[in-house]
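Before I ask anything, let me first share the structure, which is written out below as structure tokens.
The values are calculated or read from the model by the stated rules, or taken from the named source; none is laboratory data. Since the structure is predicted, the reported quantities are computational estimates derived from the model, not experimental observations. No Cβ is skipped: glycine too gets one built from the backbone with ideal geometry, and neighbour counts run over all protein chains shown.
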């Protein structure tokens with residue numbers, strides 16, 4: 001039992017003062033003032049704020065370096081060990097759920113679910129799909145082959161043509177992918193394409209969407225320019241990643257189709273400042289400026305247009321320690337409650353977990369974050385100086401920080 005907390009109702013957009021939260025078997029069973037439950041220990045949270053656990057909708061748990069091409073020759077055991085550290089650190093920041101948007105597979109998700117790896121719940125897409133020369137093709141110019149053994153801890157697979165992309169999508173779905181990700185524009189961390197290039201034919205995009213929808217799943221698309229976003233949305237893609245170079249046409253289409261947008265502003269700041277030291281190749285670092293300044297403007301336009309926004313960071317290697325910085329960056333152009341909604345209730349809707357994650361309500365998973373201060377008045381209350389929240393609760397258990405039943409701190 002958590003008593004006397006200032007509980008944030010992310011749907012209503014305000015606090016429930018002096019409220020109790022009763023948890024049984026990992027679920028929230030009751031929320032309200034003065035609850036009675038003498039068979040469970042109680043923790044006094046007077047003066048503290050209670051939020052739903054955060055959801056990061058764009059992480060790469062296997063991206064232990066910004067030099068993604070090097071993963072082809074790195075031991076999968078070593079990458080998994082590094083990923084375990086990243087997951088534990090994410091959990092300490094308050095991220096109780098993540099959507100891995102290229103790289104993680106059923107094994108990593110199962111290890112977390114079975115309690116072998118402390119970390120966020122993992123919703124994964126497996127390997128993202130890229131065309132030859134596309135954002136996910138990590139070969140340098142003149143390199144004709146790359147080790148694509150299934151055991152390699154890589155984040156993408158290169159496939160071309162409708163039949164091949166159907167088979168690739170089916171393979172990821174067979175392995176339990178919660179969604180499929182495709183690259184429909186150029187990107188920063190790829191060596192041979194321009195950021196504003198459009199990629200994959202309409203028929204290829206439609207084929208992937210058909211395969212995902214056939215089994216009740218959806219497609220996420222990496223896309224920067226408005227033209228690429230518009231093509232993806234018209235083909236039925238449900239979630240756009242990044243969107244820094246969006247335009248009015250793509251904004252209107254996203255609103256019309258109810259498409260989600262996950263900006264990832266922290267990664268550009270981090271890549272500009274630290275990318276080379278974490279392995280980002282020079283040709284990729286040279287492309288950061290093309291999307292860095294445009295990202296905040298794109299977020300502002302999307303917010304004003306009413307696009308469904310989710311929280312994402314997309315940081316690579318050691319830059320993943322900046323995961324919480326996204327709250328502060330977005331607060332420059334959005335009210336704090338909207339930034340928090342992006343990391344809770346909006347993200348839960350994208351994941352198909354409405355009412356289960358991202359809210360403090362009866363029946364939801366007891367994934368909770370205890371913070372000091374008032375994040376609605378100052379969102380920096382969420383950006384703890386040492387990267388750790390005072391306490392993080394997942395499935396009803398304290399998994400980071402401390403909460404003492406006698407009310408001590």
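Restricting the first residue to segment 359-372 and requiring it to be on the phi > 0 side of the Ramachandran plot and outside the structural domain of residue 27 (by TED's automatic domain parsing), which pairs with a second residue that is crowded, with 24+ Cβ neighbours inside 10 Å and in a loop (DSSP other than H, G, I, E, B) meet a Cβ separation below 7 Å and a spacing of at least six or different chains?
So the pair list comes out empty.
Hey, another quick one. So, in segment 201-226, of the ones that are touching a strand residue (DSSP E or B) at 6+ places or on another chain (Cβ under 9 Å) and more than 21 Å from residue 250 (Cα to Cα), which residue ends up surrounded by the most Cβ atoms within 10 Å (Cβ to Cβ)? If you could, list the steps in order and put the result at the bottom.
Of segment 201-226, the ones touching a strand residue (DSSP E or B) at 6+ places or on another chain (Cβ under 9 Å) are 204-205, 208-209, 211-213, 217-226.
With more than 21 Å from residue 250 (Cα to Cα) added as a condition, the list becomes 211-213, 217.
Values: 211: 20, 212: 25, 213: 13, 217: 19.
It comes out as 212.
Which of the residues that make up segment 18-35 are in a strand (DSSP E or B) and either in contact with a helix residue (DSSP H, G or I) (Cβ under 8 Å, 6 or more places away or on another chain) or over 11 Å from residue 4 (Cβ atoms) (or both)?
If the condition is that a residue be in a strand (DSSP E or B) and either in contact with a helix residue (DSSP H, G or I) (Cβ under 8 Å, 6 or more places away or on another chain) or over 11 Å from residue 4 (Cβ atoms) (or both), then 22, 23, 24, 27, 28, 29, 30, 31, 32 are the ones that fit.
Check 262, 267 and return the single one that is more than 18 Å from residue 65 (Cα to Cα), touching a residue at least 24 places away in the same chain (Cβ under 8 Å) and buried (at least 23 other Cβ atoms within 10 Å of the Cβ). Step through it out loud before you land on a result.
Details: 267 fails: more than 18 Å from residue 65 (Cα to Cα).
Only one candidate passes the filter, namely 262.
Also: Quickly run through segment 1-17 and pick out the residues that are assigned to a strand (DSSP E or B) and within 22 Å of residue 338 (Cα to Cα).
5, 6, 7, 8, 9, 14, 15, 16, 17
Then there's this: What is the number of the single condition among (1) touching a strand residue (DSSP E or B) at 6+ places or on another chain (Cβ under 7 Å); (2) at pLDDT below 95 that residue 144 does not meet?
(1)
Now for a different question. Looking at this structure, is residue 49 under 24 Å from residue 390 (Cβ atoms), surrounded by 15 or more Cβ atoms within 10 Å (Cβ to Cβ), in contact with a helix residue (DSSP H, G or I) (Cβ under 9 Å, 6 or more places away or on another chain) and not assigned by TED's automatic domain parsing to the domain that holds residue 212? Even if it seems obvious, please write down each step before you answer.
Working: under 24 Å from residue 390 (Cβ atoms): yes; surrounded by 15 or more Cβ atoms within 10 Å (Cβ to Cβ): yes; in contact with a helix residue (DSSP H, G or I) (Cβ under 9 Å, 6 or more places away or on another chain): yes; not assigned by TED's automatic domain parsing to the domain that holds residue 212: yes.
Spelling it out, residue 49 is indeed under 24 Å from residue 390 (Cβ atoms), surrounded by 15 or more Cβ atoms within 10 Å (Cβ to Cβ), in contact with a helix residue (DSSP H, G or I) (Cβ under 9 Å, 6 or more places away or on another chain) and not assigned by TED's automatic domain parsing to the domain that holds residue 212.
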